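Undergrad: Pasting a structure below so you can have a look.
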Amino acid sequence: MTNSEVSNDLPDKPTSDNEQPDKATSDKEQPGKPPSDRNLKSRLRARLQLIGGALASIAAVGAIAGGLVGYWNVWKTLRTDVFQEGQKTQREAAARPDIVPRLSLVVLPFVNLNNDPEQDYFADSITTDLTTDLAQVPGAFVIGRGTAFTYKNKQIDFKTLGKDLGIRWAVQGAVRRNGDQVRVNVSLTDLPTGRDIWSDRFEGDHTNPAALQDRITARLARSLNIELVQAESRRSEADGSRNPDAMDFTMRGWAKFYEPRSKTEIAQAKDLFDRALRLDPDNVDAMIGKAWCLAIAASFRWSASVAEDKKIATDLIGRALSKSPANALAYVVKGDTLRIFWSPEEALPQYDAALEINPNFPVAYASKGIALILSGRAREAFSPLQLALRLSPKDPTAVGWHWNLCHAHLHLHEYEEAIEECRRSINMNNSYWYGYVDLVSAYGATGQLEQARQSLTELNKIRPDFTVQWFREFVHAYSSNPQFRREFDDILDGLRKAGVREQ
């Protein structure tokens, strides 16, 4: 079972059984670690209730060069069921794609005006963090970062953009950095008309990008007439690093992380996060980034020591959550760490926690869908995977999300639907070998042997070493769930019927 990320490199051999974790040890709560999964949702709600009286419908009145900022606040009590209501917009948008949500938007990649490609990482970081902040606005439908970045450095027809993504608004901007000073121009575009309805310019100190970001999101909140929840975001002053060199390494690490996935890119991203942590051991973003790199490396069998990487990743994400307990990305990475290191059932509450904080998080939806399949609950996987694709239809990892839809159908013997989704994933990336595997199995199970032979020929071009036994060991490393393995045995039988060699 592949991770939701898409790699250009092939996975190494499956992890040996003697590297499986000691459940008795891993299940114990330790001092300084996040609360148990059982109490996760109630603790998050309690935390928001405590700060509910201090949440504001915030809009900036002024942001002048001298740094004077005024705010007006309308205080109100946050509903205790805010999280259950949080995903309503996303579900409605997925169920009725013909209806455009009122507060639907995309944050397009900010333009780097420095004419220095090395500074792209800073503009990209502003874009990514602004997407994260706006995604936490109640009732908002925010297109994922992956799809947004497919428009980088491209001419855009805004009316077409709105129709293609099913949204009403676009946020765009440009960043110019001069030493420690940063100037950011931002505009809000009404996509049906193509007109800018709001624009502004912000200046600030590069060593405190969080304050600059807060001013941008506050003004956007006023223009859209919506409430901006400011509870414990990962860019808060309490969690933010005060070491500009460490911040630079962290942003460079994320820029490298989001490049096309390969063993080399992940190793380089991890090295940048390591350099940030050597300068600032309390940098939460670097902790999360390094932990995610370790989990992904283990997923693709690139890890030199799975047991050691699991221990380091678990410790990092525990520290990150202890410092930033309402950080949606941290919960996703914790979930991925659990899922990749053989505990998909334990990962599910982590993805739910992430989505309660940020209901516009496509990777959280996709990872939840994958964990549900691995937990023997394939029928439940369709909704989160479809939501991920609705939020980020052009995501670089969407090929994997389509394949997981195919895989869920195959687990349920829904062969026609499985073939359709696998064909869709292969059309997106014809070197994505997982899609060919499931196609071969579906065709073999339904007696379509000529189509199976054609798909097997394509699979063997990419993976000439592919055998039933190899694939069995590869997938069994991801889950020991009895229901999952029973369903997976049927997929192996389909491969045998199609003529795939046993070993």
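Undergrad: Counting each pair of different Cα atoms once, what's the Kirkwood radius of region 85-149 in Å, rounded to one decimal? Intermediate values should be presented prior to the final figure.
TA: Values: mean 1/r = 0.0765 Å⁻¹.
After inverting the mean inverse Cα-Cα distance, the result is 13.1 Å.
Undergrad: Beyond a 30 Å Cα-Cα separation, which of these cross-linked pairs lie in this structure: Lys159/Lys461; Lys263/Lys334; Lys159/Lys256?
TA: Lys159/Lys461; Lys159/Lys256
Undergrad: Among 303-312, 119-128, 90-99, 432-441, how do they line up from the highest to the lowest mean number of other beta-carbon atoms within 10 Å?
TA: Taking the mean over residues of other Cβ atoms within 10 Å, the ranking is 432-441, 119-128, 303-312, 90-99.
Undergrad: Could you give the nm distance between label points at Glu417 and Thr160, where each point is 7 Å from its Cα heading toward the beta carbon?
TA: Label-label distance for Glu417 and Thr160, simple model: 3.3 nm.
Undergrad: Ratio of alpha-carbon Rg to the 2.2 N^0.38 Å globular estimate for region 88-197, to two decimals, please.
TA: Here the answer is 1.10, to two decimals.
Undergrad: Give the Rg/Rh ratio for region 331-457, taking Rg as the radius of gyration of the Cα atoms and Rh as the Kirkwood radius, to two decimals. All intermediate terms of the calculation are to be shown ahead of the outcome.
TA: Numbers: Rg = 14.8 Å, Rh = 14.8 Å.
That ratio equals 1.01.
Undergrad: For region 392-432, what is the accessible area per residue in Å² when the probe is 1.4 Å?
TA: Details: 1610 Å² over 41 residues.
The answer is 39 Å² per residue.
Undergrad: Starting from the Cα of Asp489, step 7 Å along the direction of its Cβ; do the same at His206; then give the gap between the two resulting points in nm.
TA: 6.1
Undergrad: Subtract the Cα-Cα distance of Lys461 and Arg379 from 0.36 nm times their separation in residues, and report this length gain in nm to one decimal.
TA: Details: separation 82, 0.36 × 82 = 29.52 nm, distance 3.21 nm.
My answer for the length gained is 26.3 nm.
Undergrad: Sticking with this one: What FRET efficiency, computed as 1/(1 + (r/R0)^6) with R0 = 45 Å and r the Cβ-Cβ distance, is obtained for Asn115 and Leu449, rounded to the nearest 0.05?
TA: 0.20
Undergrad: Here's a follow-up. Take the Cβ-Cβ distance between Arg91 and Thr193 as r, set R0 to 35 Å, and report the resulting FRET efficiency rounded to the nearest 0.05. All intermediate terms of the calculation are to be shown ahead of the outcome.
TA: Working: r = 28 Å, r/R0 = 0.80.
Plugging the Cβ-Cβ distance into 1/(1 + (r/R0)^6) gives 0.80.
The values are calculated or read from the model by the stated rules, or taken from the named source; none is laboratory data. Please read these numbers as outputs of a predicted model, since none were measured by experiment. A quick note on method: Cβ atoms are made from the backbone with ideal geometry, for glycine too, and the neighbour counts reach across all protein chains shown. With ligands, DNA and RNA removed, areas are computed over all heavy atoms of the protein, side chains included. Shrake-Rupley method; radii C 1.70, N 1.55, O 1.52, S 1.80 Å.
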